[in-house]
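The values are calculated or read from the model by the stated rules, or taken from the named source; none is laboratory data. Because the structure is predicted, anything quoted here is derived from the model rather than measured. Backbone-built Cβ (ideal geometry, glycine too); neighbour counts: all protein chains shown.
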Amino acid sequence: MLSGLTVSERQLSLVVLGLLAVCGLAMIGAGRNDDALGTHGFIVLGVSLGLTFLVISRYFDPEPSQERLSEYYDDPTRAGIILAMVWAVIGMFVGVWVAALLAWPDLTFDAAWASFGRLRPVHTNGVIFGFGGNALIATSLHVLQRTSRARLPDQFSPWFVLIGYNLFCIIAASGYLMGLTQSKEYAEPEWYADIWLVIVWVVYFLIYIRTLQRRKEPHIYVANWYYMAFILVVAVLHIVNNLALPVSLGHAKSYSVFSGVQDAMVQWWYGHNAVAFFLTAGFLGMLYYYLPKRAERPIFSYRLSIISFWGITFMYMWAGSHHLHYTALPQWVQTLGMTFSVVLLVPSWASAGNALATLNGAWHRVRDDATLRFMMVAAVFYGISTFEGSFMAIRAVNSLSHYTDWTVGHVHAGALGWVAMITFGSFYALVPWMWKQGRMYSPKLVEVHFWFALAGTVIYVFAMWNSGIIQGLMWRTYNDSGTLAYSFIDSLVAMHPYYIARTVGGLFFLIGAVVGAYNIAMTIRMARAAKVREEAGTDVPLPRPVATAMQAGE
Amino acid sequence: MELGERDPVTGRHTTGHEWNGIEELETPVPRVVLFFLAATTLFAIGYWILMPAWPLGVSYTKGLLGFDQREVVTRQVRDAAFARAAWTDRIARASFEEIAADPTLMRHVREAGRTLFADNCAVCHGVKGTGGPGFPNLAAGAWLWGGDPATIAETIRIGINSTHEGTRVSQMMAFGRDGVLTGQQVLNVGAYVRSLSGQSLSEAERGRLAAGKEVFAANCVVCHGDNGKGKHDVGAPDLTDQFWIYGGDVQSVHTTIYGGRQGYMPHWQDRLSPVETKLLTLYVLTLGDRQ
Ligand code: HEM
């Protein structure tokens with residue numbers, strides 16, 4: 001990793017790490033009266049000192065040769081893949097744990113940190129930001145270079161983004177365990193973590209812009225539209241929703257500048273667009289590169305891509321208020337949320353359809369190749385969950401589905417079926433390219449993973465659909481006396497078997513992810529052991545000789 | 001647009017662009033996409049015309065249907081209350097005895113009381129009202145404050161050791177911790193208390209009975225009564241029956257006498273209507289029936 005940095009970049013790293021260490025010290029100092037802030041100060045200090053030590057120990061290594069500029073810079077992508085898989089296993093393990101907690105509440109072992117309210121955000125942030133975010137960073141840097149035919153602008157900033165981002169994730173997750181939260185779903189981290197993420201994110205955006213500026217292709221490929229939308233919009237959402245005033249600079253706790261129904265609206269404008277631009281746009285970027293690549297088919301329709309892209313980006317922005325139907329939010333806002341959500345179905349399905357139609361002429365590959373099958377199933381689940389989402393956004397439907405497990409089922413049709421499946425599919429395509437291997441360590445294990453993942457998703461989603469609808473109906477059934485027929489406890493008793501089923505489904509999915517992590521680890525070992533620099537095949541800058549097309553310092 | 005090669009599978013041209021091997025076809029947007037785009041947009045526009053939809057500065061377009069979610073829910077709540085009034089009014093007017101004697105009203109009590117109890121009281125008293133460690137069994141008929149309906153209704157209204165100004169106060173002092181009794185005396189009276197309910201005692205306990213009886217007579221009878229049968233006016237439980245709030249084993253009894261107990265039962269005056277309180281009172285009284 002470090003031998004790739006030039007001497008001036010190594011110096012820059014030391015400066016940045018020094019500044020980070022100072023921040024860590026300041027947090028420790030300021031956090032004298034606040035355990036959480038102090039603990040986070042120690043984490044920041046520890047990470048920066050550890051990395052400083054690493055940089056110093058390799059400081060006098062030979063500089064990378066000028067030849068590097070004629071190659072893509074893939075080290076951060078490789079690290080990102082590994083980090084994503086680590087977070088996948090952690091996040092999904094905690095997912096299975098919280099699932100089990102709902103069936104057997106005693107599994108907290110009387111420890112505060114293990115209570116449902118603290119573990120749940122560790123799960124959601126672990127899988128979305130830890131697993132999903134690292135996967136997005138890793139693949140976006142890969143796709144960006146290949147489709148622009150340009151190397152990343154420098155070696156320092158991608159590492160800054162990747163490591164900085166993971167530091168944010170660690171601060172977030174450890175904060176939840178200490179009981180720290182802003183109480184905004186998917187925006188739980190406190191103010192100092194939020195500020196740090198803004199810095200990291202700006203650098204990420206700049207990498208994108210600077211690379212695109214130097215592209216050798218006349219046009220910008222669709223995948224990059226989506227990745228760009230993801231980075232840009234997430235920045236806007238993150239900044240607005242996290243506007244808050246800390247109790248004092250010496251306290252981890254802060255209060256949102258919004259209050260009441262405005263707060264709710266801003267939160268769900270953020271929350272829904274986190275689904276739209278983090279969990280959808282980013283992963284559509286992934287789909288648009290790895291699916292045609294693996295299927296070796298051209299994209300079905302360029303025009304459809306345009307319609308879907310602008311449809312999705314425009315329409316999603318309005319949809320957030322469908323999370324607040326039948327609340328104090330003025331009804332006209334709910335109307336807009338609902339109607340735009342309904343129209344949104346069309347560009348969403350157009351994307352899914354575009355992906356599936358791209359497979360025309362490659363269905364035999366889908367049958368034989370589990371990697372491509374992951375991507376195909378992902379597109380199908382993308383279609384299912386966007387249909388379901390638009391349906392649930394209709395007020396009358398929402399009055400049944402809201403606050404029930406149906407929502408959780410819907411989330412996981414998207415999260416497991418779409419987000420995780422497209423990621424695994426892309427990784428299985430990408431890992432052999434990145435580690436210069438002809439194939440994964442074990443294609444059989446990819447097949448095993450596929451079936452575990454599919455079975456787990458189906459069990460999970462069906463369990464939650466059933467439990468959600470039963471729950472919703474029980475909550476609105478009246479008896480002859482005109483009072484509620486069931487108590488809340490009655491509905492909990494009815495949920496119990498489904499919660500057990502969901503735990504089993506989640507366990508299947510987790511086992512699949514562990515198998516995948518093992519397979520990827522073994523592929524890396526295979527690459528290390530063989531030490532053969534196999535010819536990279538099609539995965540080199542095509543087709544003009546890049547060495548001349550790129551200049552030093554680019 | 002300049003076209004690229006023809007794709008052999010679909011027979012379509014590519015757009016002529018290529019990114020690291022990826023190409024795109026020139027396929028026009030399928031009709032069905034355009035159709036649904038138009039259909040959903042029309043639906044949206046129709047909905048906007050009928051319903052509250054677009055902001056106009058300080059106001060908004062009200063929609064032709066004049067629909068207002070606040071009015072709708074207010075009306076629905078009012079209608080539902082009106083429909084229930086057929087029997088709730090009778091509950092409000094009738095005395096406990098009259099209601100208990102009326103099978104139709106008691107059917108409503110059982111039906112509505114079950115969910116009301118499960119949603120408000122079961123967290124502490126259990127779904128069947130049988131209690132658990134720290135929470136009394138309401139189905140046992142072993143009342144702390146008395147089992148007549150008016151007393152129970154009052155307990156529900158004001159709570160026990162609650163924040164209500166008229167709350168019932170339940171005080172079992174910390175005889176051991178506060179030094180009123182010596183360690184040995186606590187052990188002695190504990191053995192005596194356990195003997196009251198006819199539990200089998202160990203050899204050592206039996207040896208303490210006589211001394212324990214004296215301690216009990218000197219310290220406990222004011223509240224628990226001469227024979228240990230409890231007193232309703234101070235909420236002191238009957239120690240001779242088989243029903244325990246905190247447990248009748250050696251350790252629990254010792255903990256009670258050593259450290260004292262102050263059970264907490266919230267007051268419901270601000271949360272339940274008088275009719276609901278009445279209903280719950282009657283429902284609580286039926287809990288014993290199923291034992
Ligand atoms: C091993 C697989 C998984 C299991 C067992 C699992 C389990 C759970 C559980 C039990 C909850 C809480 C539900 C509740 O509060 O009732 C939850 C919430 C959530 N999970 Fe997962 N999960 C898994 C994978 C994932 C993945 C891969 C993602 C995203 C990439 C994800 C995203 C979410 C989100 C966004 C929520 C919040 C849903 C809401 O607030 O409605 N999960 N998960």
Study note, to complete from the structure: Output for Cβ contacts, cut-off 6 Å, separation at least six or different chains, first residue farther than 15 Å from A:Val122 by Cβ in the stretch A:84-107, second more than 10 Å from the ligand (Cβ to nearest atom) and not β-branched (Val, Ile, Thr), reads A:Ala84/A:Asn134; A:Met85/A:Ala517
**Study point:** Count of the stretch A:82-95 residues which are under 14 Å from A:Leu136 (Cα atoms) and within 16 Å of the ligand (Cβ to nearest atom)
**Key:** 5
Point to revise | Which numbered condition A:His272 fails, given (1) within 19 Å of the chain's Cα centre (by Cα); (2) surrounded by fewer than 23 Cβ atoms within 10 Å (Cβ to Cβ); (3) within 15 Å of the ligand (Cβ to nearest atom) | key: (2)
Study note, to complete from the structure: Among the residues of the stretch A:75-110, the number that are modelled with pLDDT of 95 or more and in a loop (DSSP other than H, G, I, E, B) is 1
**Study point:** Selected residue (criterion: farthest from A:Phe488 (Cα to Cα)) from residues of the stretch A:396-416 that are in contact with a Phe, Trp or Tyr (Cβ under 7 Å, 6 or more places away or on another chain) and more than 10 Å from the ligand (Cβ to nearest atom)
**Key:** A:Ala413
Point to revise | Residue pairs meeting the criteria (Cβ under 6 Å; at least 6 apart or on separate chains; first in contact (Cβ under 8 Å) with a residue 40 or more places away in the chain, in the stretch A:405-420; second within 8 Å of the ligand (Cβ to nearest atom)) | key: A:His412/A:Tyr460; A:Leu416/A:Phe509; A:Val419/A:Gly132; A:Val419/A:Leu279
Revision key, fill the gap. Going through the stretch A:417-460 in order, the residues found to be more than 9 Å from the ligand (Cβ to nearest atom) and either within 14 Å of the chain's Cα centre (by Cα) or within 14 Å of chain B (Cβ to nearest Cβ) (or both) are A:Gly417, A:Met421, A:Ile422, A:Phe424, A:Ser426, A:Phe427, A:Ala429, A:Leu430, A:Trp433
Review point. Do any residues in the stretch B:257-276 that are in contact (Cβ under 8 Å) with a residue 12 or more places away in the chain have Cβ atoms under 9 Å from those of residues that are surrounded by 15 or more Cβ atoms within 10 Å (Cβ to Cβ) and charged (D, E, K, R), where the two are at least six apart or on different chains, and which pairs are they?
Key: B:Met265/B:Arg168; B:His267/B:Arg157; B:Trp268/B:Arg157; B:Trp268/B:Glu276; B:Gln269/B:Arg157; B:Leu272/B:Arg157; B:Pro274/B:Arg157
Exercise for review: List the number of the failed condition for B:Leu65; all other conditions in (1) within 10 Å of another protein chain (Cβ to nearest Cβ); (2) free of Cβ contacts under 8 Å to residues at least 24 places away in the same chain; (3) of a type in the set (A, V, I, L, M) hold.
Suggested key: (1)
Revision key, fill the gap. Selection over the stretch B:146-161 where residues are assigned to a loop (DSSP other than H, G, I, E, B) and modelled with pLDDT of 95 or more yields a count of 2
Exercise for review: Answer yes if at least one residue in the stretch A:17-29 is buried (at least 19 other Cβ atoms within 10 Å of the Cβ), touching a residue at least 24 places away in the same chain (Cβ under 8 Å) and over 20 Å from A:Pro246 (Cβ atoms), and no otherwise.
Suggested key: yes
Exercise for review: Test B:Thr88 against the stated conditions and say whether it is surrounded by 13 or more Cβ atoms within 10 Å (Cβ to Cβ), at the interface with chain A (Cβ under 7 Å from one of its Cβ atoms) and not acidic (Asp, Glu).
Suggested key: no
Exercise for review: Could you please let me know if A:Trp269 is modelled with pLDDT of 95 or more and under 30 Å from A:Met178 (Cβ atoms)?
Suggested key: yes
Check your understanding: For the stretch B:31-140, list the helices (runs of 4 or more DSSP H) that sit wholly inside it and hold at least 1 residues that are touching a Phe, Trp or Tyr at 6+ places or on another chain (Cβ under 6 Å); which are they?
Key -> B:103-120, B:122-125
Point to revise | Condition met for A:Phe53 (away from the ligand (no atom under 13 Å from the Cβ) and hydrophobic (A, V, I, L, M, F, W, C)) | key: yes
Review point. Has the stretch A:383-402 got at least one residue that is without any contact (Cβ under 8 Å) to a residue 40 or more places away in the chain, surrounded by fewer than 24 Cβ atoms within 10 Å (Cβ to Cβ) and in contact with a Leu (Cβ under 9 Å, 6 or more places away or on another chain)?
Key: yes
Review point. Does the stretch A:314-327 contain any residue that is more than 23 Å from B:Thr41 (Cβ to Cβ), outside any helix (DSSP H, G or I) and within 13 Å of chain B (Cβ to nearest Cβ)?
Key: yes
Check your understanding: Filtering the stretch B:40-58 down to residues that are over 16 Å from A:Ile394 (Cα atoms) and more than 7 Å from every other protein chain (Cβ to nearest Cβ), which residue is surrounded by the most Cβ atoms within 10 Å (Cβ to Cβ)?
Key -> B:Ile49
Point to revise | Evaluation of A:Leu49 against (1) assigned by TED's automatic domain parsing to the domain that holds A:Tyr176; (2) surrounded by fewer than 16 Cβ atoms within 10 Å (Cβ to Cβ) (one fails), failing number | key: (1)
Practice item. Return a yes/no flag: does the stretch A:353-363 have any residue that is under 17 Å from A:Asn398 (Cα atoms), surrounded by 19 or more Cβ atoms within 10 Å (Cβ to Cβ) and within 12 Å of another protein chain (Cβ to nearest Cβ). Key: no
Review point. Which residues, counting only those in the stretch B:1-29, are in a loop (DSSP other than H, G, I, E, B) and within 7 Å of chain A (Cβ to nearest Cβ)?
Key: B:Asp7, B:Val9, B:Thr10, B:Asn20, B:Gly21, B:Thr27, B:Pro28, B:Val29
Check your understanding: Do you know which of the residues in the stretch A:294-310 that are more than 8 Å from chain B (Cβ to nearest Cβ) and under 22 Å from A:Met228 (Cβ atoms) is surrounded by the most Cβ atoms within 10 Å (Cβ to Cβ)?
Key -> A:Ser308
Revision key, fill the gap. Scanning the stretch A:1-38 residue by residue, the ones that are modelled with pLDDT under 95, in contact with a helix residue (DSSP H, G or I) (Cβ under 8 Å, 6 or more places away or on another chain) and polar (S, T, N, Q) total 0
**Study point:** Top-ranked residue in the stretch A:439-494 [being among the charged types (D, E, K, R) and in contact (Cβ under 8 Å) with a residue 12 or more places away in the chain; ranked as nearest to A:Met522 (Cα to Cα)]
**Key:** A:Glu447
Practice item. Confirm whether A:Val377 is in contact with a Leu (Cβ under 8 Å, 6 or more places away or on another chain) and within 8 Å of another protein chain (Cβ to nearest Cβ). Key: no
Point to revise | Looking only at the stretch A:107-148, and only at residues there that are away from the ligand (no atom under 16 Å from the Cβ) and surrounded by fewer than 21 Cβ atoms within 10 Å (Cβ to Cβ), the one that is nearest to the other protein chains (Cβ to nearest Cβ) | key: A:Asp110
Point to revise | Residue in the stretch A:272-293 that is within 27 Å of B:Arg12 (Cβ to Cβ), within 14 Å of another protein chain (Cβ to nearest Cβ) and out of contact with any helix residue (DSSP H, G or I) (no Cβ under 7 Å at 6 or more places or on another chain) present | key: no
Study note, to complete from the structure: Residue hits (the stretch A:199-257; small (Gly, Ala, Ser) and either surrounded by fewer than 13 Cβ atoms within 10 Å (Cβ to Cβ) or not in a helix (DSSP H, G or I) (or both)) are A:Ala244, A:Ser248, A:Gly250, A:Ala252, A:Ser254, A:Ser256
